[in-house]
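Read-outs throughout are calculated quantities, based only on the coordinates presented, and are distinct from any laboratory measurement. It should be emphasised that the depicted structure is a prediction, and the values quoted were computed from it without experimental measurement. Glycine also receives a Cβ, built like all others from the backbone with ideal geometry; neighbour counts cover every protein chain displayed.
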Amino acid sequence: MRRRLPWLVGLLLLIAGVLALLWWPRIEKLEVAVPAGSPVQPETLARRLQPFVGRRFMELSLADVRRAVVADPWVAEATVRRIWPDRLSVSVRLQKPVARWGETGLVNPRGEVFHPADVTAWRQLLPLWSPDEADAPRLLAAARWLRTQTKLIGWTLVGLTRHPGGSLETHWLPARILWLDGTDYRSQFERFLRAWPQVKPELREQATEVDLRYSNGFTIVAASKTDKRRRKQTHGAKETD
């Protein structure tokens, strides 16, 4: 037993030394990688990470670090690593805006809305809007579908809004507004595309609004070339008050 005691003590000291090496070091260095041309500067993310500097290496919660990084609106995903003995490495995947949301938000390809501090550089993106941000995926899908359907008439979608009642207000170039039912917009728009060539050329040219929210046709609001007055005509639809 006495012969084994020195070995046991040595083993315990070795284990204690290894544990001390693992637990004693603290995070002293930050490595932050962002894609080139990113709207987020590495220095900005580094400031978010400053509270983690000085934490013990093994005690540092990578989940907490990840949450701090993705709190930046531009960060879609963060990869976080501890590098022995004192480094914290962070790389990020950024949001890719494909549309605007109102005046202050942007929409990514999955239809998720995020709100950077400044959206000025993305003013050229298609504006979407609804009182409920949960509508963003459906609006983005509707916008994508509508854009694929207008090659025959040469229109360009430039705005899409969902109103509280469910109606879709779509803005186009040339300057026109089309109203659609949010639950049946595809069949309504397909019917419109079939009927539009049959509308008189003069009326097509002067049309400023088209309401497709009818089961059997649509109405057209047109501005007169001579006196700029607005007049309303129906195309196979019964008008409702």
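Computed from label points 7 Å out along Cα-Cβ, the spacing between R123 and E169 is 2.1 nm. Using only the C-alpha atoms, the convex hull of the stretch 99-235 corresponds to 122 Å³ per residue. Converting phi to 3J(HN,Hα) with the Karplus coefficients 6.51, -1.76 and 1.60 and the offset θ = phi - 60°, the stretch 98-114 yields 10, 7, 9, 10, x, 9, 10, x, 10, 10, 8, x, 8, x, 8, 8, 9 Hz in sequence order, with x at every glycine or proline. Couplings 3J(HN,Hα) of the stretch 143-160, computed from phi: 4, 4, 5, 4, 5, 7, 9, 9, 5, 5, 9, x, 8, 10, 6, 10, x, 8 Hz, in residue order, whole Hz [Karplus 6.51 cos²θ - 1.76 cosθ + 1.60, θ = phi - 60°; x for Gly and Pro]. When the stretch 54-165 is described by a simple charge dipole with +1 on each Lys and Arg Cβ and -1 on each Asp and Glu Cβ, the residue from S91, A71, V119 located farthest towards its positive end is S91.
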